[in-house]
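Colleague: Let me begin by handing over the structure; questions about it come next.
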Amino acid sequence: MNIQEMILTLQNYWSKQNCILMQAYDVEKGAGTMSPMTLLRSLGPEPWNVAYVEPSRRPDDGRYGENPNRLYQHHQFQVIMKPSPDNIQELYLESLKTLGIDPLEHDIRFVEDNWENPTLGAAGLGWEVWLDGMEITQFTYFQQIGGLEANPVTVELTYGIERLASYIQDKENVFDLEWNNGMTVKDIFLQPEYEHSKYTFEESNTEMLFQLFTMYEEEAKVTMEKGLVFPAYDYVLKCSHTFNLLDARGVISVTERTGYISRIRNLARSIAKAYVAERERLGFPMLNKEEA
Amino acid sequence: MVRDVLFEIGLEELPARFIDDAENQLVAKTKDWLDELRIGYEAIASYSTPRRLAIVINGLSETQTTIEEEIKGPAMKIAKDNEGNWSKAAIGFTKGQGKSPDDIYTKELNGTTYIYVKKHIEGKPSLELLPTFQSIIESIQFGKNMRWGEQTLRYARPIRWLVALYGNEVIPFEIASVKTDNFTFGHRFLGEKFTISEPKSYENQLKEHYVIANPNEREQLIVDGINKVAEENNYTVNIDENLLKEVRNLVEYPTVFIGSYEKTYLDLPSEVLITSMKEHQRYFPVHSKDEELLPYFIGVRNGDEKGLETVIRGNEKVLRARLSDAAFFYEEDQNNSIDFYLNKLEKVVFQEKLGTISDKVQRMEKITENIAHSLKFDDEVIVKAKRATSISKFDLMTNMVNEFTELQGIMGEKYALKQGEDKNVAQAIKEHYLPKSTAGNLPETIEGYLVSVADKLDTIVGCISVGLRPTGSQDPYALRRQAVGILRILQESGWNISVNTLIDIAVQVHHETNIVEISKEELLEEVISFMKQRAEFLLKESSVEVDIIDAVLDNEIGIFPYAVQKAKVLSDKRVDPAFKPIQEALVRVMNLAKKADNQSVNPAHFQTDSEKELFEVVEKVIPSFNKENNDGKAMEALEQLAKLAEPIHQFFEHNMVMDKDETIKNNRLGLVSQINSIIKNYANLSLIEWKQTF
C-alpha cells in the first residue's frame, strides 16, 4: 500500500466515524497537535470530531536528506474526538485493519507514554502504540490544554505516516517509500529536505528571524486584545516556527531560550482562555447543534 | 451457607509499573473491607493483567456476623432520680436504643458507675452490603491518574467494564457510567467477550480466551520460554528481574521469541546494545556461555505463535534501525574533538539562575582543585582530576547521549579513551555520576571521587543559593541523594577533610560568581544544616540511635568517617557500666562551663591540691587528646577524656567553684571551660542517655 492509499484509507475510515475531514492547516507547525483544529477546538464543552493530514516541520531534525529515519518535514495523520468515545481503542484497531494490518498476525501493544508540551501548556496521558516493537501511533487523552483543564476529555490519535509506511512497505529508508504508483518520497521531498536543512543550519537570515519573532509576538498580542482569537493564534504558530528556526541555528543563548519559550507559552495560554470565553459568549453553538 | 464472589475491573491498558502495586492494594483493601463488614470468607485470590485487576473471594458468608454490642449510657448519678427511680435521661437512653429500663445493667468505668444496655445487631444478608465494593475500586491509588470522556473520576486508565458476581448473581453498582455485569473480555485479539458462569471458573475461562490472569504464571511462562531457547542454543541469558516484572505486565498471553541482528553491530560498546534492547525495546540480551554478547535478543509477544515470523521480522527491523542510528552516532561523534562538544555546553542551561553547564563545569574545576590541594594530593592526581572535571560533561553534547540519555558518562569514558585521554581521567567521567542511588555503586578512583564530590557540592550549594532547597517530597535536583553520595564517598575514601571545609570551598566558589541570592553566612548555614540532616539520615540508616547522632553532630559533622566511628564507640560505651561515672563527670563539667566566660587559668590562683591536680592532668590530656582526635582515633581520644573523670570528681568534691572571691571563681571556671571545649570537640556527651542493659 503506498502512502497516498494509506491516507485515503484512513480518511475514508475516519470520515465514516463522523469525523470532519479537514485539510492541513496552512501555517507552519511542529506537530499536528498545534493546528487550531486540535489545540483550540479541544477546549471547552463543544463536541468535536476531526481528521486531517498534517505536514509537520521540525527544523532541528533536518538532515540534508541523508539520514534514513529523520526528516525536516514529516507527515502525521491526526484524529481528534471530543468527548473521547468509550470504544476509541477498538475504533483505532479497526483503522489498522483497513490498512491491512491483521492484529492476529502481529504484536500490537499499548505501552504507557505520557505526553507534554510545555510551550503550549498542554499535557495528556496515554500510550505509544507498538506494532511488532515499532512505535506507530501516539494515543493521548488530553488532560490540560493551554493551561486549562480539558473537560470533557479529548482523545488524540497521531499516526506517524512515514513510520507506518516503512512498516507496511517494508522499507528501511524513508526516501524509498512509495508515495503513489511510481513516485517515491525521494522524488518529491529530497530536494526540499536538502534545501530546508541548508537554509536552517547555514543560510537563514537570523537577524530577520529575530525581528519577525518580535513582530509576530506583538501582532499576536494586539490581535488578541481585539478578541480575534484565530488570527492571534496564527501569529503564535508563526512565533513558534520562527523560534524553532533560530533554535536549530544555535543562535538563541541560554537565558534567552527559556525566555522565548515562556513568551510563547504565555501567548498560547491567554489565547486558550480567550477562545473559551469567545465560544461561551456565542453560547457554545456546536453544543446546541448536537442537542438539536 | 457460603458463596464465591468475583470482582473484576476491566481497563484500557494500565501502565505496567502500576499493576503489581494496584493488585496488592486491592487485596489489602478487600480484606479490611470484609473485616469491617463482619463478613466471613475462606480465601482470597487476586489477579492482574494490563487490562484487568480482579479478586476472587472463596466461601463468603451469606450473612454478616450477628453481634451483641454493649452500649454505654449516662452515669448512675443522673440515671436515677432522688427517689431511686430511673430518670428521664435513663429512660430516654433505653428508648433511643430500642430497649426498656428492664434491660439496664451497670458497670464501673474509671471509678464512675454507668448504665448500659446490650444491643443485638442482626447480621444483614451479604448481598445487600457487597455493592459498597464500589468504594474499594475507587480508592485504589495509582502513581498518575487521568480523566476520560465526560467522566469526573480520576483513575490510572479508563474503566471499560466491571464484573461483580455473588455466586452467579450480579452485584449491582456503577462506576464512571459503567454498570457491573457478568461478562468480561478475553485477549484483545485472540479472545472475545464472554459470560463468566461462576467466580470459581474465572481463571480457567479466561485461559480459554488466551488470558493468563495470574501474573506469576505469566512470569513463569516467560522464564521457561527463555530457558528453553537458551538451552537449545547454548546461550546464557541473565534475566533482569525488573525487566521480567515489566514484561509480564505488558502481556496477557506471553510467547517468547528470538530475533537476531547483524554481527557488525557488536563493534558498538555493549552498553549501547544492551540499552537499546532492554530500555527501549524490552528485550532480553543474549550472551554466550562465556558471557560474550551475541547478536541475538529475546522478546516476548502478547499472543500466540500465529504470525510469529512476521512479529520477529518486525522487531528485528526496529532494533536494526535503532542500532544503525547508534552506529551512525558512534562514528559521527568521533569525528569531533572534545573541545567541540565543550563549546556546545556553553549553550545548554543547567538551571535558569545558575547558568549553563559550562558555567557549572568552571565552578566544579575550582572546587576540585581546592579540595585536592587541601587534601595534599600529588600533582599528578591533581592534574588528572582537573582534566577529568573540565571534560566531565562533554558527552552530553554527543549524538549518542542525546539519543540514549542513560549512557551519559559511559559514552564519555569511551570517547575520551578514543581521543587519547588518560585512563583515570576517562574513568572519572563515568564515575562522577556515581552513586546513582542512595545505596548505588561508588567511584573507584581518586579522580572519580574528586569529580563526583565537586559536581554534587556544586549542585547542592548552587541550588540552595537560589532558593531550591528540597521541601517535603519536592527535590527536583535530587539534592538529598547527592548529599548522601558525598558522605558515602567521604566514608569510603577516608579523606581527612571536614564537611564544613568542603562546604566552605564550594560556597566560596559560588560566591565569587555573584549569582548567589543570599549572604555568604546565610548560605553556609543553610548548606551546613542540609548536610547535617543527610548525615543524620545516613547514621540512622546504619542503626545509630538518635541521641548518639545528636551528640556526635552537635558541633559540626567534622570529618564524616570519624563521626561515624565516634557514633559506634559511643553506642558501645553507653551500655558499659564503667563508662557511667566518666560520662557523669564530663557532663558535670559541661553544665558548669555554661557559666564561664573565659578560659584563662592562672596556676598561681589555685587554692587546693585537687584543683592543681586536675589542672596538671588537663595539661597532659589536652595535647594527647588533640593528637588522637586529629588522627581520627575515636576510642583512643575518648580514653584520654576518661583520664579526666577521677580528677574531676575530686575537684568537685573538694572545691566550691562559685567561690565568693571573683578571682578564685573565675580561675576555676576557666579550668572547667578548657575541659568543656575539648569534650565538645569530641561530642556533646550531655545529650547521651545512659542505658543500662542486663
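Each reported figure results from applying straightforward, stated rules to the coordinates on display, with no laboratory input. Values in this document were obtained by computation on a predicted structure and should not be read as measured data. No Cβ is skipped: glycine too gets one built from the backbone with ideal geometry, and neighbour counts run over all protein chains shown.
Colleague: Please give the per residue volume of the convex hull enclosing the alpha carbon atoms of the protein assembly as shown, rounded to a whole number of Å³.
Modeller: Looking at the protein assembly as shown, the number lands at 287 Å³ per residue.
Colleague: Here is the link list: B:LYS95/B:LYS124; B:LYS179/B:LYS207; B:LYS29/B:LYS179; B:LYS520/B:LYS595; A:LYS16/A:LYS289; B:LYS245/B:LYS436. Which ones come out longer than 29 Å on Cα distance?
Modeller: Beyond 29 Å: B:LYS520/B:LYS595.
Colleague: Okay, helix-only estimate at 222 nm for the protein assembly as shown: each DSSP H run of n ≥ 4 adds -39500 (n - 2.57), divide by all residues, round to 500 deg cm²/dmol; what do you get?
Modeller: Details: 36 runs with 470 residues, N = 986.
Using -39500 (n - 2.57) per qualifying helix, the result is -15000 deg cm²/dmol.
Colleague: Cα atoms only, segment B:572-687: Rg and Dmax in Å?
Modeller: Gyration radius and largest Cα-Cα distance of segment B:572-687: 13.7, 42 Å.
Colleague: For segment B:313-403, what does the alpha-carbon gyration tensor say about shape, rounded, prolate or oblate, given a ≥ b ≥ c as the root eigenvalues, a/c under 1.5 as rounded, and a/b over b/c as prolate? Don't skip to the end; give the middle numbers.
Modeller: Values: a/c = 3.06, a/b = 2.10, b/c = 1.46.
Cα axes put segment B:313-403 in the prolate bin.
Colleague: What list of ³J(HN,Hα) values in whole Hz, one per residue of segment A:240-252 in order, does the Karplus curve 6.51 cos²θ - 1.76 cosθ + 1.60 (θ = phi - 60°) give from phi, with Gly and Pro shown as x?
Modeller: With coefficients 6.51, -1.76 and 1.60, one gets 4, 5, 4, 4, 4, 5, 5, 5, 5, 6, x, 10, 9 Hz.
Colleague: Related question: Viscosity 0.692 mPa s, temperature 37 °C: give me the Stokes-Einstein translational D for segment B:4-63 in µm²/s, with Rh taken as the Kirkwood radius over C-alpha pairs.
Modeller: Once the numbers are plugged in, D ends up at 273 µm²/s.
Colleague: Along the charge dipole of segment B:215-333, pointing to its positive end and built from +1/-1 on Cβ of Lys, Arg, Asp and Glu, which listed residue (B:LEU319, B:PHE284, B:ASN249) has its Cα farthest out?
Modeller: B:ASN249
Colleague: For segment A:228-286, what is Rg from Cα atoms divided by 2.2 N^0.38 Å, rounded to two decimals?
Modeller: Working it through for segment A:228-286, the quotient is 1.41.
Colleague: Right, next: Report Rg (one decimal) and Dmax (nearest whole number) for segment B:339-541, counting Cα atoms only, units Å.
Modeller: 15.9, 46
Colleague: Which cross-chain or sequence-distant (5 or more) residues have an amide H under 5 Å from the amide H of B:GLY355, H modelled 1.01 Å from N in plane?
Modeller: Here the answer is B:PHE350, since their amide H atoms fall under 5 Å of that of B:GLY355.
Colleague: Just the C-alpha atoms of segment B:67-121: what Rg/Rh do they give, with Rh taken as the Kirkwood radius? Please report the intermediate quantities before stating the final value.
Modeller: Values: Rg = 10.8 Å, Rh = 11.2 Å.
Dividing the radius of gyration by the Kirkwood radius yields 0.96.
Colleague: Using the Cα atoms of segment B:215-333 to build a convex hull, what is its mean projected area in square nanometres?
Modeller: Details: hull surface 28.3 nm².
Here the figure is 7.1 nm², rounded to one decimal.
Colleague: Further question: What does the convex hull of the Cα atoms come to per residue for segment B:135-259, in Å³? Present the calculation step by step, with values, prior to reporting the outcome.
Modeller: Numbers: hull volume 18.1 nm³, N = 125.
Cα-based convex hull of segment B:135-259, divided per residue, equals 145 Å³.
Colleague: Working from the pairwise distances between different alpha carbons, so that the mean of 1/r is found and then inverted, what is segment A:3-201's Kirkwood radius in Å?
Modeller: Computed over segment A:3-201, the radius equals 17.4 Å.
Colleague: Among the aspartates and glutamates, select those whose C-alpha is under 12 Å from the C-alpha of A:LYS226, and discard any that sit fewer than 8 residues away in the same chain.
Modeller: Those aspartates and glutamates meeting the cut-off are A:GLU278.
Colleague: Would you mind checking which residues have amide H under 5 Å from A:THR184's amide H? H placed 1.01 Å from N; only 5 or more apart, or other chain.
Modeller: Amide H neighbours of A:THR184: A:TRP179.
Colleague: Right, another one. Can you tell me what percent of all Cα-Cα pairs in chain B are more than 50 Å apart? Kindly include the intermediate steps, with their values, before the conclusion.
Modeller: Numbers: 104134 of 240471 pairs.
Counting pairs separated by more than 50 Å, the tail of P(r) holds 43 percent.
Colleague: In whole Hz, with x marking every Gly and Pro, tabulate ³J(HN,Hα) for segment B:320-327 from phi via Karplus 6.51 cos²θ - 1.76 cosθ + 1.60, θ = phi - 60°.
Modeller: Residue by residue, segment B:320-327 yields 4, 4, 5, 5, 6, 4, 4, 5 Hz.
Colleague: Where a Cα-Cα gap under 23 Å defines reach, which lysines qualify for A:LYS29, not counting those fewer than 8 residues away within the same chain?
Modeller: Within the straight-line limit of under 23 Å, A:LYS29 reaches these lysines: A:LYS82, A:LYS186, A:LYS198, A:LYS221, A:LYS238, A:LYS273.
Colleague: Sticking with this one: Tell me, what HN-Hα J-couplings in whole Hz come from the Karplus equation 6.51 cos²θ - 1.76 cosθ + 1.60 at θ = phi - 60° for each residue of segment B:122-138, using x for Gly and Pro?
Modeller: Karplus-based 3J(HN,Hα) across segment B:122-138 equals 6, x, 8, x, 4, 3, 5, 8, 4, x, 5, 4, 3, 5, 5, 4, 5 Hz.
Colleague: Same structure again: Shape verdict for segment A:1-73, please, from the Cα gyration tensor: rounded (a/c under 1.5), prolate (a/b greater than b/c) or oblate.
Modeller: Cα axes put segment A:1-73 in the oblate bin.
Colleague: Of all DSSP beta bridges in the protein assembly as shown, what percent run antiparallel (nearest 5)?
Modeller: Rounded to the nearest five, the antiparallel share is 95 percent.
Colleague: Just for the Cα atoms in segment A:160-282, what are the lengths along the principal axes, largest first, rounded to whole Å?
Modeller: Principal-axis extents of the Cα atoms in segment A:160-282, largest first: 50, 39, 21 Å.
Colleague: Right, another one. Which lysines, if any, have their Cα less than 17 Å from the Cα of B:LYS228, not counting same-chain residues under 8 positions apart?
Modeller: B:LYS289
Colleague: Over segment A:3-201, what is the mean sequence separation of C-alpha contacts under 8 Å (at least six apart), divided by residue count, expressed as relative contact order in percent? Walk me through the numbers before you get to the answer.
Modeller: Details: 379 pairs, mean separation 44.0, N = 199.
Relative contact order comes out at 22 percent.
Colleague: Right, another one. B:GLY10's amide H: which non-local residues (gap 5+, or another chain) put their own amide H closer than 5 Å, with H modeled 1.01 Å from N in plane and none for Pro or chain starts?
Modeller: B:ARG160, B:TRP161, B:LEU162, B:VAL163
Colleague: Here's another thing I want to ask about it. Give B:LYS366/B:LYS680; B:LYS278/B:LYS386; B:LYS386/B:LYS418; A:LYS97/B:LYS200 a once-over and call out the pairs whose C-alpha atoms are over 29 Å from each other.
Modeller: Details: B:LYS366/B:LYS680 33 Å; B:LYS278/B:LYS386 35 Å; B:LYS386/B:LYS418 19 Å; A:LYS97/B:LYS200 36 Å.
Where the Cα-Cα span goes over 29 Å, the pairs concerned are B:LYS366/B:LYS680; B:LYS278/B:LYS386; A:LYS97/B:LYS200.
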